[in-house]
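The values are calculated or read from the model by the stated rules, or taken from the named source; none is laboratory data. Because the structure is predicted, anything quoted here is derived from the model rather than measured. Cβ placement follows ideal geometry from the backbone for every residue including glycine, while neighbour counts extend to all protein chains displayed.
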Amino acid sequence: MDQYIEFISNHPVLSIIWLALVAMLISSWFKSKFSAIRQINPQQVTLLINREDGQVVDIRAQKEFNSGRIAGATHLNPEKAKQSDFSSLEKFKSKPIILVCTTGMTASGIATAMHKAGFERVYVLSGGMGAWQSASLPTTTGR
């Protein structure tokens, strides 16, 4: 214990940075546990699609969407998504919606906006299409 006190007194800036990092990690953990938006893996996506008629919504650019997507996915223009224009998805409001982007980062912010717009069951594919392809799950191409 004396060594901790000595380190803190000798390195106050490092100690404050360390405490800030710990606080941010704890805060992030609590946010993820109590958030209405859940991150799910590719296997959970297939279960939602097969058992609960989940709808995959791909928010990547049209060119990426056409080059490879999850079968049955609906495309939502990324610009419309960022402007919270979800009018094309109103028919899916009662279904579980799984948002997919390239890495899973963009989809998280859009999922929050969708939840605020009244979509009750919104999920994000953790890792995005990269995780789907890494799991060797099928994709479809074309328009």
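Can you name every residue in the range 1-36 that is assigned to a loop (DSSP other than H, G, I, E, B) and within 30 Å of His115 (Cα to Cα)? Full working, then the answer.
Narrowing the range 1-36 to residues assigned to a loop (DSSP other than H, G, I, E, B): 1, 11, 35-36.
If the condition is that a residue be assigned to a loop (DSSP other than H, G, I, E, B) and within 30 Å of His115 (Cα to Cα), then Ser35, Ala36 are the ones that fit.
Which of the residues that make up the range 91-108 are basic (Lys, Arg) and assigned to a loop (DSSP other than H, G, I, E, B)?
Lys93, Lys95
Would you check if Ile8 is touching a helix residue (DSSP H, G or I) at 6+ places or on another chain (Cβ under 6 Å) and modelled with pLDDT of 95 or more?
Answer is no for this residue.
Out of everything in the range 101-128 that is closer than 23 Å to Ser87 by Cβ and among the hydroxyl-bearing types (Ser, Thr, Tyr), what residue ends up being modelled with the highest pLDDT?
Kept after step one, since they are closer than 23 Å to Ser87 by Cβ, are these residues of the range 101-128: 101, 106-125.
Adding the requirement that they be among the hydroxyl-bearing types (Ser, Thr, Tyr) leaves 106, 108, 112, 123.
Numbers: Thr106: 87, Ser108: 87, Thr112: 89, Tyr123: 95.
For the range 101-128, the residue satisfying everything is Tyr123.
Select, from Lys82, Lys93, the only residue that is over 22 Å from Lys31 (Cα atoms), of a type in the set (Lys, Arg) and surrounded by fewer than 19 Cβ atoms within 10 Å (Cβ to Cβ). Can you show your working first?
On the way: Lys82 fails: over 22 Å from Lys31 (Cα atoms).
After applying the criteria, what remains is Lys93.
Here are Ser9, Ser15, Ser28: which of them is surrounded by 14 or more Cβ atoms within 10 Å (Cβ to Cβ) and not assigned by TED's automatic domain parsing to the domain that holds Ser126?
Details: Ser9 fails: surrounded by 14 or more Cβ atoms within 10 Å (Cβ to Cβ); Ser28 fails: surrounded by 14 or more Cβ atoms within 10 Å (Cβ to Cβ).
Only one candidate passes the filter, namely Ser15.
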